[in-house]
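The values are calculated or read from the model by the stated rules, or taken from the named source; none is laboratory data. Please read these numbers as outputs of a predicted model, since none were measured by experiment. Cβ coordinates were reconstructed from backbone atoms using ideal geometry, including for glycine residues, and neighbour counts include every protein chain displayed. Side chains are part of the model used for accessible areas, which takes the heavy atoms of the whole protein and leaves out ligands, DNA and RNA. Shrake-Rupley method; radii C 1.70, N 1.55, O 1.52, S 1.80 Å.
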Amino acid sequence: MAVVKRTSSNVLLDTALKNFYAAAEEMGLEDGLIDILSHSERKTCVSIPVEMDDGTVRVFDGYRVLHSSAIGPGKGGVRFHPEVNLDECEALGMMMTWKCSLAGIPYGGGKGGVSCEPLELSKKEKERIARTWAARMAPVIGAWTDVPAPDVNTGGPEMVWFMDTISKMKNQLEPAIFTGKPIPLWGSKGRTAATGYGVATCALELLKNLGKSAEGTTVAIQGFGNVGTYAALTMINAGAKVVGISDITGTYYAPNGLDIKKAFDHVSNHPKRLLEGFTCDGCQKLDLPEVLFLDCDIFIPAALEGVINGKNADKVRAKYIVEAANGPITPEGDAILDAKGILVVPDFLANSGGVIGSYFEWAQDLGGFFWSEEEYNERLIRIMKDNFQRVWSYAKEKNVKMRRAAFMAAIQRVADAVRMRGVFL
Ligand code: NAD
């Protein structure tokens with residue numbers, strides 16, 4: 001009997017399912033496995049009653065989805081956002097399964113959240129929400145079960161409230177259940193730069209495989225936040241010229257190369273961490289979208305999703321794109337870039353430095369022994385290089401684009417794990 005394909009009215013979940021079915025069919029995956037991997041292992045919904053600062057009580061909805069634990073415990077963020085819902089968590093959990101699988105780390109995929117508007121909450125209200133989420137999710141999360149991390153509107157403080165709550169409930173410290181903790185509380189050195197380093201490592205491996213030198217390669221980067229800054233610094237350290245950068249204040253362009261260290265100091269000292277007011281030798285200020293269309297070898301979108309799409313992809317002049325943001329190119333944009341011969345390194349390979357960094361934090365917490373930043377970076381770069389080469393070779397072997405190759409390689413590793421473990425529970 002053929003698989004009855006799942007569909008969803010939630011666009012994100014429907015797209016995640018369609019992408020999975022298309023790749024699984026192309027790989028010739030057996031029906032039983034397609035059926036298993038198109039479903040989540042566990043979907044947990046909890047109510048979160050909270051006493052607000054004014055004495056009233058509000059009840060929020062909380063979620064955690066474990067898509068697959070075939071390879072290892074679930075891994076994925078917990079977001080606080082008004083649009084969080086179960087379908088979104090399921091879609092993002094499934095994507096985490098493929099991302100962790102491709103990264104070659106011992107994790108499955110999970111995602112969670114609370115439907116709330118953090119801008120309307122005080123710090124104390126956020127703390128009560130976080131602690132109640134953790135207490136009610138205690139039966140389904142754990143260092144060997146499902147390991148949450150920061151996501152939209154959550155960070156170090158939320159991870160500490162989660163960890164403290166579970167630790168007090170169990171009367172023992174449980175640091176390895178959550179990653180993204182501050183360094184003094186079982187966090188890890190090196191995490192801040194991990195995603196940007198990983199993105200730049202992919203860009204440099206790409207050049208190496210193409211027989212090109214990093215020296216003098218021109219780069220443009222959209223977004224000069226956490227990921228964009230560290231990607232830019234790593235590229236210039238390798239000898240590349242970053243000719244364009246941008247943030248919400250506009251595009252900053254210098255055909256002979258921008259002073260990236262000066263730009264980094266500028267945003268570090270700006271109260272809102274913006275490029276506003278930045279200048280250096282030869283720098284011109286252009287409109288916000290211009291960064292997308294600069295004449296350069298490598299373009300790194302490191303801001304938002306869907307920025308290159310059916311309406312503007314034909315204007316892109318870069319030769320290669322390394323996706324740092326999640327989903328910066330729409331399927332329509334992808335088709336146009338493909339026809340123009342622009343090679344794309346897909347997001348879930350290029351930006352996996354973040355989740356590999358989470359794995360490093362977990363490994364250090366379980367061992368109770370901490371690494372230096374140099375050890376962390378050395379291991380990160382080694383893993384990123386291996387992963388890039390695996391996808392590059394797989395794409396050549398199967399004669400497919402890197403995005404499809406990455407997806408197929410990721411699904412293959414999970415499918416192999418399910419086959420080895422067997423169908424039970
Ligand atoms: P960030 O908030 O630190 O920085 C985002 C940057 O994008 C800022 O400079 C902001 O001004 C800029 N920006 C926003 N809208 C813009 C626009 N319309 N045009 C140009 N610039 C714009 O975020 P980040 O942590 O650097 O993450 C960037 C992207 O990478 C996001 O898509 C995120 O999901 C993805 N990502 C981040 C990590 C991580 O570890 N931080 C991991 C995986 C994926």
In segment 47-87, which residues are crowded, with 18+ Cβ neighbours inside 10 Å and either over 29 Å from residue 34 (Cβ atoms) or of a type in the set (Phe, Trp, Tyr) (or both)?
48, 50, 60, 62, 63, 80
Considering only segment 130-158, state which residues are touching a helix residue (DSSP H, G or I) at 6+ places or on another chain (Cβ under 9 Å), outside any strand (DSSP E or B) and open to solvent by less than 30 Å² (accessible area, probe 1.4 Å).
130, 133, 134, 137, 138, 141, 143, 154, 156, 158
Among 122, 101, the single one that is farther than 18 Å from residue 61 by Cβ and open to solvent by 10 Å² or more (accessible area, probe 1.4 Å) is 122
If residue 305 passes every condition in (1) more than 8 Å from the ligand (Cβ to nearest atom); (2) free of Cβ contacts under 8 Å to residues at least 24 places away in the same chain but one, which one does it miss?
(1)
Of 180, 196, the only residue that is within 23 Å of the chain's Cα centre (by Cα), within 13 Å of the ligand (Cβ to nearest atom), in the same structural domain as residue 238 (by TED's automatic domain parsing) and open to solvent by less than 70 Å² (accessible area, probe 1.4 Å) is 196
Count, please, the residues in segment 223-261 that happen to be under 15 Å from residue 292 (Cα atoms) and open to solvent by 40 Å² or more (accessible area, probe 1.4 Å).
3
For residue 304, work out the one condition from (1) in contact with a helix residue (DSSP H, G or I) (Cβ under 6 Å, 6 or more places away or on another chain); (2) surrounded by fewer than 22 Cβ atoms within 10 Å (Cβ to Cβ) it doesn't fulfil.
(1)
Subset of segment 262-301, residues open to solvent by less than 80 Å² (accessible area, probe 1.4 Å), assigned to a loop (DSSP other than H, G, I, E, B) and within 15 Å of the ligand (Cβ to nearest atom), comes to 270, 274, 275, 277, 278, 294
Scan of segment 391-401 for residues that are modelled with pLDDT under 95 and under 15 Å from residue 104 (Cα atoms), ordered by number:
394
Filter segment 326-367 down to residues that are small (Gly, Ala, Ser), within 16 Å of the ligand (Cβ to nearest atom), open to solvent by 10 Å² or more (accessible area, probe 1.4 Å) and assigned to a loop (DSSP other than H, G, I, E, B), then give me how many there are.
1
Single residue of segment 1-34 satisfying the filter (of a type in the set (D, E, K, R) and open to solvent by 60 Å² or more (accessible area, probe 1.4 Å)) that is nearest to residue 94 (Cα to Cα):
18
How many of the residues in segment 371-401 are part of a helix (DSSP H, G or I), within 13 Å of residue 23 (Cα to Cα) and within 23 Å of the chain's Cα centre (by Cα)?
0
Test: residue in segment 184-194 that is β-branched (Val, Ile, Thr) and modelled with pLDDT of 95 or more:
no
